[in-house]
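The values are calculated or read from the model by the stated rules, or taken from the named source; none is laboratory data. Every value quoted in this text rests on a predicted model; they were computed, and no experiment measured them. Here the Cβ is made from the backbone with ideal geometry for all residues, glycine too, and neighbour counts use every protein chain on show.
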Amino acid sequence: MDKYNERREDDVLNGEEFDSFSQEMTDIIYDIKTEMGTYAEMGIDIEEKAFYDILAHMRDKYQFTYEDDKMLALAKEMKAVVDNTSKYPDWSKRDDIKAKLKVELILLLHKHKFPPVANDDVYMGVLAQAENFKQHHINTLH
């Protein structure tokens, strides 16, 4: 895909470049389709899967052990907390509501011992990604 994006106007895709580009696009579409189906296999909805992915990313980034089934339960609770807090109009512009969301999520993470050893960077990473997800979430994904 980089080859395509970095092409000049006078460049023409030859057969080999076009085949490579086509294969990359096919692989991306397949990966997206596969990923979109994983939430159903896990017994959760797409939003809960997004929170699960946030937790998995932070676990992997900071290299600590946390069981998948515990992350699944935590992801479901996180979605409920975020949904409950973000139901207010303009919630993302109100500092009081965002502060409430942060406190509730930190307490929830602490309750579930995520991460097993307190780490402010993990908390801040989860909070930022959870808030970002909800602000940019498109309801048509359901």
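Of all residues in segment 96-132, those satisfying the criterion of being basic (Lys, Arg) and surrounded by 12 or more Cβ atoms within 10 Å (Cβ to Cβ) are 98, 100, 102, 113. Scanning segment 8-28 for any residue that is surrounded by fewer than 12 Cβ atoms within 10 Å (Cβ to Cβ), at pLDDT below 85, within 18 Å of the chain's Cα centre (by Cα) and of a type outside the set (Phe, Trp, Tyr) turns up at least one such residue.
In segment 48-86, of all residues being assigned to a helix (DSSP H, G or I) and of a type in the set (Asp, Glu), the one that is surrounded by the most Cβ atoms within 10 Å (Cβ to Cβ) corresponds to 48.
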